[in-house]
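See structure below.
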Amino acid sequence: MELAGKIIFWFYAVVIVAGGGLAVTSPNLVRAMLGLIATLFGVAGMYLLMNAPLLAFMQLLIYVGAVSVLIFFAIMLSRASATGDEGMEPGLWPNVRAFLAFALPMGVLGLTAFLAPPAGVLVPAEVDPAKLGQALLGEYTLPFELISIVLLAAMAGAVLIAFEKRGSK
Amino acid sequence: MSPVTWYQFVAVLLLGIGLFGLVSRRTLVGMLISVELTLNGAGLSMAAAAQFTDMDAVMGQLGVLFVMGLAAAEATLVLAILVIVSRRVKSTQTDAVSQLRG
């Protein structure tokens, strides 16, 4: 990587880690969501940096645009207290448990990535968005149609689950 | 080290942070946020592998798009479940809904 690329990479990495830390530790759920949004922006920046602009824009559209709004709805609809009863559990064991959940997969996967690095190339692949569209309608039609069915089923299921008849109470 | 390894480190870190939150959070919304972090780590790892190794980049990028679609579907369903739980149990603390009853 060039020097500028390295600087930008580390900037995004810091944004991702700081946002993630805020998202999992903040006692206030709205702040946690803001941390999540910072992380999502950082990941979108990394997609841009690795020469995948379509992924970056989809990340912004789907995650920052839709999923974070859904999470905001979830915070509001669940009447979560905005002042934060959501801190870490008191006591030593929950902290140790959470740290183990963080450290064990990280240790195994990070060590694997360090000891057996994949044979990478230095220059990212160049993929035209038009090529992605053609692949979606050609080679990968079945997954594309399946994901639309999954989305439709999820949407219909969500309405069905949350629907309440007017006279039922 | 090649760029793919650095991206994989960030992705693994994101996965770890998500798992940390999944275990330590005490409300369903907090767990939902953590799951989104985890899925982002997966997407970042797949995109890095697609762009910086010899594999088919089109396949990798489409895989990341599918992960995003599944994350959206999952968030929708979690929202619906959360509405139901908060309506019936009057709380979204995970301790309050730890019991199944037919």
- Query: Going by the structure shown, is residue A:89 modelled with pLDDT of 85 or more, out of contact with any Ser or Thr (no Cβ under 6 Å at 6 or more places or on another chain) and of a type in the set (D, E, K, R)?
  - Reply: no
- Qualifying positions in region A:5-25 - more than 9 Å from every other protein chain (Cβ to nearest Cβ) and closer than 22 Å to residue A:78 by Cα: A:22
- Query: Is there a residue being buried (at least 17 other Cβ atoms within 10 Å of the Cβ), at pLDDT 90 or above and more than 8 Å from chain B (Cβ to nearest Cβ) anywhere in region A:65-83?
  - Reply: yes
- Whichever residue in region B:9-42 is small (Gly, Ala, Ser) and facing chain A (nearest Cβ under 7 Å) and, among such residues, is nearest to residue A:104 (Cα to Cα): B:16
- Task: Report, by residue number, each residue of region B:52-61 that is without any contact (Cβ under 8 Å) to a residue 12 or more places away in the chain and buried (at least 22 other Cβ atoms within 10 Å of the Cβ).
- Result: B:57
- Message: Would you confirm, using the coordinates I've provided, whether residue B:21 is at pLDDT 90 or above, surrounded by 24 or more Cβ atoms within 10 Å (Cβ to Cβ), out of contact with any Ser or Thr (no Cβ under 8 Å at 6 or more places or on another chain) and not aliphatic (A, V, I, L, M)?
- Response: no
- Which residues, counting only those in region A:110-138, are under 16 Å from residue B:45 (Cβ atoms) and surrounded by 12 or more Cβ atoms within 10 Å (Cβ to Cβ)? A:110, A:112, A:113, A:114, A:117, A:118, A:120, A:124, A:125
- Query: Can you pull out the residues in region A:119-166 that are of a type in the set (Asp, Glu) and either under 26 Å from residue A:5 (Cα atoms) or facing another protein chain (nearest Cβ under 9 Å) (or both)?
  - Reply: A:126, A:128, A:139, A:164
- Task: Scan region A:1-39 for residues that are over 25 Å from residue B:29 (Cα atoms), among the charged types (D, E, K, R) and in a helix (DSSP H, G or I) and report the count.
- Result: 1
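The values are calculated or read from the model by the stated rules, or taken from the named source; none is laboratory data. Keep in mind that this is a model prediction, so the values were computed, not measured. Backbone-built Cβ (ideal geometry, glycine too); neighbour counts: all protein chains shown.
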